[in-house]
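Data block below; observations after.
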Amino acid sequence: MPRHPHPLDPHHDGSVHYVVGDTSVLGGRVTLRVRVPHDEDGTPGATRVVLRAVRDGEPAIGQAEQVSTDAAGAWWEVDLRLVNRLTSYRFLVSRGPHDFRWLTATGVHDRDVSDGGDFRISTDHRLPDWVADQVGYQVFPDRFGRTETDAPVPDWAIECDWDQPVVHKGPDVPYQLYGGTLDGVADHLDQLDVLGATLLYLTPVFEAWSTHRYDAVSFDRVDPLLGGDEALERLAKAVHDHGLRLMGDLTTNHTGQHHDWFLRALADPDAPERAFYRFSDEHPHGYAAWLDIESLPKLDHTSQEMARRLYAGEDSVVAHWLRRGLDGWRVDVANMTGRLGGDDLAHTVAQRIRGTIDEVSPDAWLLAEHGHDATADLTGPGWHGTMDYAGFTRPVWCWLNGGAPDGPGLPHGLDYLGLPVDIPVLPGTAAVATMREVHGAMPWASWQGSTMHLDSHDTPRFRTVTGGGTGGGTDLDGTGRDLHLVGLGLQMTMPGVPVVFMGDELGLTAVDGEHARTPYPWDRPDTWDRATFEAYQQWIALRRDHVALRRGGLRWLHAGEDSMTYLREHPDETLLVHAVRRPAEAVALPAGALGPDASLTALAGDAAGVVDGVLRLPGTTGVSVHRVG
């Protein structure tokens, strides 16, 4: 594990401020830049900087050159030729013959460390340029906006009034039907405009035997309960007319047991669809199923015909719906897709989906769901990024856990993202260490192409995590608001794409993912936490207004028990971000950490200041942002 960040540590990252040139050209060259601050007494922080890259499996050494110096530090540069499709590298930063510091993507180390934390450049990655500028908004279609349809209510459904409480335990959980439609989503796109969101992410819309729709009965048709294929086309047009992007949700790991393919496989052992699944008496139900859930038979990715129909080529499901208006796919259970017993085809599946996207819609985004460490799946020409539960959600929850009170079904608090233990409460030093370790193990472009979630349709609401209540309604008294807004400030100022789950901006609470799928209370605006709503507007606007927050690098300056501090650096601007979870003493750092111009302009939160060469940061709960220079 790297030591805690120091404000005068040397720094490099994969952003355009530190990597100059086209990283997608195999055989091309880029210029790598390293910033080495002076010590507090003005002594140069390095007399030598050496690049150690891995070329064809063997370390290759390059001497960096000091190209400029100023009152606060020096810039060093060295060229790197991208000989391999994936290039890893690190820097040796030295003050003298016996001074030894490795600079890797996980931080600064005064000892030899594993190559697992080295910087990485993948020439295959090629993240669509528009992705970095997005603020996403996640909608669960059955619960966002209601319109009338002609579709008959299926036998499995339990019809509910819009204000009826969500059942989140027991057999009825997947069957509560509230009547949300895609036209209902289109009717409320103004809400995304008001918030400032730029991308709409829909959970699955294909016909299914549940309202979560991860048990599809077909990938060829949109559920009539949502309005059918035409409704999706109308929504796509409306989304694009608003200047927004639209992302779909596809399950490549499994289907529902009522899926057309599975029914044919059951009816005829000679049917081609039989090879789409793994039938065997070794499995509890006679076939492999996701987590042994009978209703979710797992797809067998050794079947080339299944791959052709689902994701491989211009006639596939992936290609078809991109042509019908989607701007990208979020792939459900991507971490398990193609992994079954002795088979591990996960990278092959990701690459084939990506190949189809590159052929049909090269500007589309491919996002993987992955509930834990996804870094091993992010280095090749497959997923552009992941839902960053490991590097963002989990450490933020641990740092901002407000202690959700016990309640019905919660005798021991909240489960910790699938673990049967309470969410721990950790200091900022631990949270930052986790972030650096996870993000240091992936290429920069993968981090930029990943999404940051305070919560989602699969987790408790963040407002409940921060102490705002367990009842499923709105935290109107603001019990968890302060910590919620600290999390929001982090979400809107860190690398990656922030995604807001519908209703978080109202201060909604929930104890688990099913509980979080609350119908949006359009007709009860008196229940909205207006202070939280306005904070979402302000933070989203700040992110959209500042290129450093969308595309800048991240340089950690400090991590304490109750605070964390970092710079977002871009050639056009540098911003200082300081987050505090509970009142504490002001943090004092050497002003040289900011660079040669230590002047500050407050953009959000309490003001910081520089006096006599010392940067003093506020100790009040909240997140402050300042322009440097």
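The values are calculated or read from the model by the stated rules, or taken from the named source; none is laboratory data. In this text, all values refer to a predicted model and were calculated from it rather than measured experimentally. Glycine also receives a Cβ, built like all others from the backbone with ideal geometry; neighbour counts cover every protein chain displayed.
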Quiz item: Among the residues of region 474-489, how many are of a type in the set (Val, Ile, Thr) and assigned to a loop (DSSP other than H, G, I, E, B)?
Solution: 1
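Do we find that ASP142 is among the charged types (D, E, K, R) and assigned to a helix (DSSP H, G or I) in this structure?
Numbers: among the charged types (D, E, K, R): yes; assigned to a helix (DSSP H, G or I): yes.
Taking the combined requirement at face value, the residue satisfies it.
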Exercise. Could you tell me whether region 411-421 includes any residue that is closer than 30 Å to GLY489 by Cα and either among the β-branched types (Val, Ile, Thr) or part of a helix (DSSP H, G or I) (or both)?
Key: yes
Quiz item: Scanning for something at pLDDT 95 or above and in a helix (DSSP H, G or I), does region 490-500 turn up at least one residue?
Solution: yes
Quiz item: Residue check, THR527 against (1) within 18 Å of GLN491 (Cβ to Cβ); (2) in contact with a strand residue (DSSP E or B) (Cβ under 6 Å, 6 or more places away or on another chain), all met but one. Which one?
Solution: (1)
Self-check item: Test set (1) within 22 Å of ASP332 (Cβ to Cβ); (2) surrounded by fewer than 22 Cβ atoms within 10 Å (Cβ to Cβ); (3) not β-branched (Val, Ile, Thr) - TYR201 fails condition number
Solution: (2)
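Here are ALA376, ALA404: which of them is assigned by TED's automatic domain parsing to the domain that holds VAL331, on the phi < 0 side of the Ramachandran plot, at pLDDT below 95 and crowded, with 24+ Cβ neighbours inside 10 Å?
On the way: ALA376 fails: crowded, with 24+ Cβ neighbours inside 10 Å.
One residue alone meets the criteria, ALA404.
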Quiz item: Within region 407-415, is there a residue that is surrounded by fewer than 19 Cβ atoms within 10 Å (Cβ to Cβ), at pLDDT below 95 and within 20 Å of HIS254 (Cα to Cα)?
Solution: no
Quiz item: In region 222-249, which residues are more than 19 Å from the chain's Cα centre (by Cα), closer than 29 Å to ASP172 by Cβ and outside any helix (DSSP H, G or I)?
Solution: VAL222, ASP223, GLY227
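Specify which of the listed residues (GLY256, GLY228) is in contact (Cβ under 8 Å) with a residue 60 or more places away in the chain, within 24 Å of ALA157 (Cβ to Cβ) and either of a type outside the set (Lys, Arg) or assigned by TED's automatic domain parsing to the domain that holds GLY179 (or both). I'd like the intermediate steps shown before the answer.
Values: GLY256 fails: in contact (Cβ under 8 Å) with a residue 60 or more places away in the chain.
After ruling out the rest, the residue left standing is GLY228.
What do you reckon, is ASP529 out of contact with any Leu (no Cβ under 7 Å at 6 or more places or on another chain), modelled with pLDDT of 95 or more and crowded, with 16+ Cβ neighbours inside 10 Å? If you could, list the steps in order and put the result at the bottom.
Values: out of contact with any Leu (no Cβ under 7 Å at 6 or more places or on another chain): no; modelled with pLDDT of 95 or more: yes; crowded, with 16+ Cβ neighbours inside 10 Å: yes.
The answer is no for ASP529.
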Exercise. Select, from ARG309, ARG394, the only residue that is under 30 Å from TYR175 (Cβ atoms), in the same structural domain as HIS453 (by TED's automatic domain parsing) and not in a loop (DSSP other than H, G, I, E, B).
Key: ARG309
Quiz item: Would a scan of region 53-61 turn up a residue that is in contact with a Lys or Arg (Cβ under 7 Å, 6 or more places away or on another chain) and under 14 Å from ASP118 (Cα atoms)?
Solution: yes
Practice problem: Looking for whichever is over 20 Å from SER456 (Cα atoms), out of contact with any Ser or Thr (no Cβ under 9 Å at 6 or more places or on another chain) and either acidic (Asp, Glu) or assigned to a loop (DSSP other than H, G, I, E, B) (or both) here; the options are GLY380, GLY325. Which one fits? | Solution: GLY325
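So which of GLY107, GLY28 ends up being surrounded by fewer than 21 Cβ atoms within 10 Å (Cβ to Cβ), small (Gly, Ala, Ser), within 29 Å of GLY391 (Cβ to Cβ) and modelled with pLDDT of 95 or more? Break it down into steps so the answer makes sense when it comes.
Working: GLY107 fails: surrounded by fewer than 21 Cβ atoms within 10 Å (Cβ to Cβ).
Only one candidate passes the filter, namely GLY28.
Yes/no per residue for (1) assigned by TED's automatic domain parsing to the domain that holds ALA445; (2) within 35 Å of the chain's Cα centre (by Cα); (3) within 24 Å of PRO590 (Cβ to Cβ); (4) part of a strand (DSSP E or B):
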residue	(1), (2), (3), (4)
VAL25	no, yes, no, no
THR31	no, yes, no, yes
GLY42	no, no, yes, no
VAL50	no, yes, no, yes
ALA53	no, yes, no, yes
PRO59	no, yes, no, yes
SER68	no, no, yes, yes
Practice problem: Determine whether region 173-185 contains at least one residue that is touching a residue at least 40 places away in the same chain (Cβ under 8 Å), of a type in the set (A, V, I, L, M) and either closer than 30 Å to LEU80 by Cα or not assigned by TED's automatic domain parsing to the domain that holds ASP241 (or both). | Solution: no
Exercise. Scan PHE262, PHE219 and give me the residue that is in a loop (DSSP other than H, G, I, E, B) and among the aromatic types (Phe, Trp, Tyr).
Key: PHE219
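I need the full set of residues from region 85-112 which are out of contact with any strand residue (DSSP E or B) (no Cβ under 6 Å at 6 or more places or on another chain) and without any contact (Cβ under 8 Å) to a residue 40 or more places away in the chain, in order please.
PRO97, HIS98, ASP99, PHE100, ARG111, ASP112
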Quiz item: Can you tell which of ALA53, ALA46 is in contact with a strand residue (DSSP E or B) (Cβ under 6 Å, 6 or more places away or on another chain), within 30 Å of ALA430 (Cβ to Cβ) and small (Gly, Ala, Ser)?
Solution: ALA46
